[in-house]
Amino acid sequence: MTRVIRGGFIVWTALRFGLDELVLSSFEKPWIRRLTRIVSLGRNLRAPRGARLREALEALGPIFVKFGQVMSTRRDLLPPDIADELARLQDRVPPFESAVAVAIIEKAFGRPLDRIFATFEHIPVASASIAQVHFATLHDGREVAVKVLRPNMLPAIEKDLALMHMMAGWVEGASADGKRLKPREVVAEFDKYLHDELDLLREAANAAQLRRNMQDLNLVMIPEMFWDYCMPDVMVMERMKGVPIGQSQRLRDASVDMKKLARDGVTIFFTQVFRDGFFHADMHPGNIQVSLAPETFGRYISLDFGIVGTLTEVDKEYLAHNFSAFFQRDYKRVAELHLESGWVPATTRVDELEAAIRACCEPYFDRPLKEISLGLVLMRLFQTSRRFHVEIQPQLVLLQKTLLNIEGLGRELDPELDLWSTAKPFLEKWMLEQVGPEKLLAQLKAEAPAYAKLLPVLPRLLAQYLKGPSGPSRRDLEALLAEQKRTNRLLQSLIYGGLGFVLGLIAMQLVLRVRIF
């Protein structure tokens, strides 16, 4: 019953703000135009369509606001008026009362506000779909930002998620295509990350991890967390001072190198994905600023770490091989990787899949980003995947979403940015590190503690085995000696093979470095 009521509210909200008229008016057919005028009778739809869409998403709650935030970065797919309105969802969601925020803070810490902070700005500096932020000062003089979770968030989100789970079940049972897309698993993944975002202690831990990972890159700044002031519904962090990345003209007036800024954004993304396997997965413009301070001029400032993505070593290796093959236009290798990973049925012909992937991707290489519609590429790849029964991987949904955000950000900063050529050297360097001697030594070093414990006890274990419960027979001893000889020969072969492998890796790395550099 709750789901039915929520579904009815969604339909009523869409009719209230005229979203049906917004969709129908985009068609050119005369009879659809007449239908649009009929359905608009008796309703006040004089407000701009972008404003109506934004207000409808705000009325529907945080999940729909999140959807609007993602879409606001795709100005290549949306009309300018709608994109501008949806951009207001990034950090200008209507705030809740500051008195409510103060009550949440005092309840979390169990003492009055003036005993927690020396000063506290009651007017929020930013308000998003999940929480809002106030500036404050600690009693030791440190300037901080205080993030407070919106009240009664969990019940509202649970209603929408229950509806999404139900609709995912309908989609999965409707057709083979619906089942192939794994909608239940995708919704479950979204459910997990949305619940994680409601725990500000988890967000603080995410920020601390990203801060450690990015410390040596000198391209991005991440605020320090003050753990004595972090609770599940309140989080206190270092106050960061920068210009929102959406204010591009202000950045240009300050002489920020926009082309370098765009390249740095791509570098940060690929470093987090392929080096660390731990990436900021909510990189819309409302969460990114640029520092203008002399000592950190031109660096990114990342905010809001409620949603992060993680990749296993297998995921990273698979993605890196795919990207590398794409950049080299080796579509046959891409098709083979899909088969090896089990993403397509084993009976699929490699040459047919290779031809389909080539037809999707080849027209878009060597073009500046402004001439590439990733939405069109994804649509054509989706049609191809349906033909070959490709299974969608839910664990990569966040990565796909973040890549869309990065492309939208790059388009805003430098329309001439070539995403492919910017990422290619980074990925080739990463691949060299994965197959070179450094990786082999690192793996041996990681396994050394286990072998160090095993080696000293080997003689004792061998002696115990030889003694046995009543002593071994001569036949058993001869069999054991024969097995030992075979083992020795195998070890010699492994040693010689390992030496040859290492020498081959060194030679291959030298050849690749000469070719690249």
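Taking the criterion of being closer than 28 Å to HIS321 by Cα, at pLDDT below 70, under 38 Å from the mean Cα position of the chain (by Cα) and open to solvent by less than 70 Å² (accessible area, probe 1.4 Å), would at least one residue in the range 442-461 satisfy it?
Looking for residues that are closer than 28 Å to HIS321 by Cα, at pLDDT below 70, under 38 Å from the mean Cα position of the chain (by Cα) and open to solvent by less than 70 Å² (accessible area, probe 1.4 Å), one finds none in the range 442-461, hence no.
With (1) free of Cβ contacts under 8 Å to residues at least 60 places away in the same chain; (2) touching a Phe, Trp or Tyr at 6+ places or on another chain (Cβ under 7 Å); (3) closer than 28 Å to VAL144 by Cα as the list, and GLN272 as the residue in question, which single condition is left unmet?
Single failed check for GLN272: (1).
Tally time: how many residues in the range 106-153 are surrounded by 20 or more Cβ atoms within 10 Å (Cβ to Cβ) and among the hydroxyl-bearing types (Ser, Thr, Tyr)?
So the answer is 1.
Out of the residues in the range 227-249 meeting the condition of being surrounded by fewer than 16 Cβ atoms within 10 Å (Cβ to Cβ) and within 24 Å of the chain's Cα centre (by Cα), tell me which one is modelled with the highest pLDDT.
Out of the qualifying residues, it is PRO232.
Let's see how each residue does on (1) touching a Ser or Thr at 6+ places or on another chain (Cβ under 7 Å); (2) modelled with pLDDT of 75 or more; (3) part of a helix (DSSP H, G or I); (4) buried (at least 16 other Cβ atoms within 10 Å of the Cβ):
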site	(1), (2), (3), (4)
ASP177	no, no, yes, no
PHE190	no, no, yes, yes
HIS195	no, yes, yes, no
LEU201	no, yes, yes, no
ARG211	no, yes, yes, yes
ASP216	no, yes, no, no
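The values are calculated or read from the model by the stated rules, or taken from the named source; none is laboratory data. This structure is a prediction, so every number in the text was calculated from the model and none was measured. Cβ atoms come from the backbone with ideal geometry, glycine included; neighbour counts cover every protein chain shown. The protein model used for the area step is the full one, side chains on, heavy atoms only, and it has no ligands, DNA or RNA in it. Shrake-Rupley method; radii C 1.70, N 1.55, O 1.52, S 1.80 Å.
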